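What follows is a set of notes on a single structure, which appears directly below.
The values are calculated or read from the model by the stated rules, or taken from the named source; none is laboratory data. Quick caveat: nothing in here was measured; it's all calculated off a predicted structure. Methodologically, a virtual Cβ is constructed for each residue, glycine included, from the backbone with ideal geometry; neighbour enumeration extends over all protein chains shown. Just so you know, the surface numbers come from the protein's heavy atoms only, side chains and all, with ligands and any DNA or RNA stripped out. Shrake-Rupley method; radii C 1.70, N 1.55, O 1.52, S 1.80 Å.
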Amino acid sequence: MNPLLSIFTSGLLLASAACLTACGDDKSSNGGVEFADGDFKVSRTEVALLNDEPQSITVRAGVKPSVSSDATWLNISAVTASNGANLYTFSLSADANTTYDERKATVSVTAGSERASIAVTQFGAETVEVSTAAAEGTLDPAGGTFTLKYKSTSAVSITAPSWLTPVTSKSLSEGEASYVYAANMTGVERGGDFLITLASTPSISATFSVTQASLPPTDDMPSTAVEIARNIVAGVNIGNTLECPGTEGSWSGQKVNLEYVRGLKTLGFNAVRVPCAWDSHVSDRSTNTIDPAWLDRVDEVVGMIVGEGMYAIVNIHWDGGWLEESVIKGYDEAVDKKQRDYWTQIATKLNHYDEHLLLAGMNEPGVQEQDKFASKSLQALMTYQQTFLDAVRATGGNNARRVLVMQAPYTNIAQAVKADFKLPTDVVADRMMCEVHYYDPYQFNMMSEDASWGKMYYYWGADNHVAGSNRNTPSSMEEQGVKNEFKKIRDTYASRNIPVILGEYAVCEWRQGYKDIDVDKWWASRNLWTEVVTREAKNHGLVPFYWETNGDINRIDGRAKTNVFDAIRTGAAAGTYPW
């Protein structure tokens, strides 16, 4: 999707709560510790001491308590009356502990016939140590979970290699930090250092090194475009993330991690479209050289996807418009050279992936029907696509037979089926797909306010219409309208065994906050549209890739934020490819 178009916008819901604490006649409190009348209570039964910092203890008792210890290194202050009836306080402190070993003591509190004990621990000198065995630093090439074990005298911060993802956990266990890591499919060994630093004393730290060999590269490329398309159940986009100019995730708020990718698989997707920016990651403009670190990062993300057994599509997305928005002006030699230079580098970097990786030359090249220079624009588009294909094939290896995806003018169905749009010439047969996008009807999917020429639609599908409302989508634009549009693709491409990627589709304008809207009907409409489009796409030879930008999926753990995925799974299960 072009970022200038309407995208998902999620409202930020703010909630505030006030906590009121009431103290009646039968309650007294001190230091956040609450006692009931008549009880003998000690505020803390366990105390940890660091250096010589004192810790305060509160006692509720009918008489002034006496306090003693079984350790000579533990110091007990005088017991004094505190505010509130029958409340007393004293403090514990310790002589300096010059060893790394912790030491323990027991404090006895006696008030008449009542007794209580306090377990006291004093840490030794500040330290942090790695306790993981050295051999455990060699990680499984196929991916897995690695747990770094350490000992420390206080809280630590851990810096880990960027390709390891911390495992989020609600566990209260101390001394362990777990990370999941993807299969290494980069073709080279990778490694890095853990740096464990004491939060209280940053100068005290420990390091630990890990390495992960690469899985052997594979040249298994037997499948045709139709065979690969037939294997894709449903696809999803990682939108507004790697295509952000300059910084990954600056639009969606998160970078891609392994837990998120695995979440996509759990939601039922077995293919992921990865929109990418490249022009904003160039380190040398004079030679069109892409920053090697960015090539490594895209390689890493593709490795996460393919490592989970899913298909991946990498493209040149909007990318500041250097390619897409120049097409309308006709052929430009400098643009063509960029296309060749960029794809030579991208294809070379990713050549080690098997047929689970597809490459797509563009996103939404702006050749529009109303353009008075349509002929020149179309010729430029087709020239740039031939350049893309030739550049990828020239890198050899797996790329010599890799399936490549060509975009219809503006990824528009009506333009895709015109006779004057032709796919480039390939040296290998049956390894090409076309691509279109679908956001129709605009008034239901993307329109954000009423216009003089028409109103927004809130409801889609006869069962979701609201009687008397002028927000119902006309029936001609509903299910039969979807079938009519997709039939054009079936007749033009599927009939010739050319799969078409439905690279983007979604209801992009969220309408929950609109005035006078039946929210339940709107949600039902959104889900029905998604189900029908997913089903009919497959029925007509289009491979569906849902457009998602952090509105429906939690980007941290890949969990669903809405129930639209029920609609996608239902539609994908009901649809049958025509090949």
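What the table below lists for this structure:
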{"item": "Residue tally, condition in contact with a Ser or Thr (Cβ under 6 Å, 6 or more places away or on another chain) and under 13 Å from Thr530 (Cα atoms), over segment 549-577", "result": "6"}
{"item": "Filter result for Lys455 (in contact (Cβ under 8 Å) with a residue 24 or more places away in the chain, surrounded by fewer than 18 Cβ atoms within 10 Å (Cβ to Cβ) and not aliphatic (A, V, I, L, M))", "result": "no"}
{"item": "Among the candidates Gly513, Gly468, residue that is in contact (Cβ under 8 Å) with a residue 60 or more places away in the chain, part of a loop (DSSP other than H, G, I, E, B) and over 29 Å from Gln407 (Cβ atoms)", "result": "Gly513"}
{"item": "Residues (more than 22 Å from Thr127 (Cα to Cα), of a type in the set (Ser, Thr, Tyr) and assigned to a loop (DSSP other than H, G, I, E, B)) located in segment 199-226", "result": "Ser214, Thr218, Ser223, Thr224"}
{"item": "Pair list, Cβ < 7 Å and 6+ apart or interchain, from segment 222-237 residues that are of a type in the set (D, E, K, R) to residues that are outside any helix (DSSP H, G or I)", "result": "Arg230/Tyr577; Arg230/Trp579"}
{"item": "Among the residues listed as Gly239, Gly253, Gly246, the single one being surrounded by 22 or more Cβ atoms within 10 Å (Cβ to Cβ) and part of a loop (DSSP other than H, G, I, E, B)", "result": "Gly239"}
{"item": "One residue from Arg569, Arg511, Arg559 being charged (D, E, K, R), more than 16 Å from Lys483 (Cα to Cα) and open to solvent by less than 20 Å² (accessible area, probe 1.4 Å)", "result": "Arg511"}
{"item": "When residues of segment 166-196 are limited to those that are farther than 15 Å from Leu139 by Cβ and charged (D, E, K, R), the one modelled with the lowest pLDDT", "result": "Lys170"}
{"item": "Filter result (basic (Lys, Arg) and either open to solvent by 30 Å² or more (accessible area, probe 1.4 Å) or touching a residue at least 60 places away in the same chain (Cβ under 8 Å) (or both)) within segment 527-541", "result": "Arg535"}
{"item": "Gly307 within 24 Å of Met1 (Cβ to Cβ), of a type outside the set (Ser, Thr, Tyr) and open to solvent by 10 Å² or more (accessible area, probe 1.4 Å)", "result": "no"}
{"item": "Meets criteria (in contact with a Leu (Cβ under 7 Å, 6 or more places away or on another chain), assigned to a loop (DSSP other than H, G, I, E, B), open to solvent by 10 Å² or more (accessible area, probe 1.4 Å) and over 18 Å from Ala347 (Cα atoms)) for Asp430", "result": "no"}
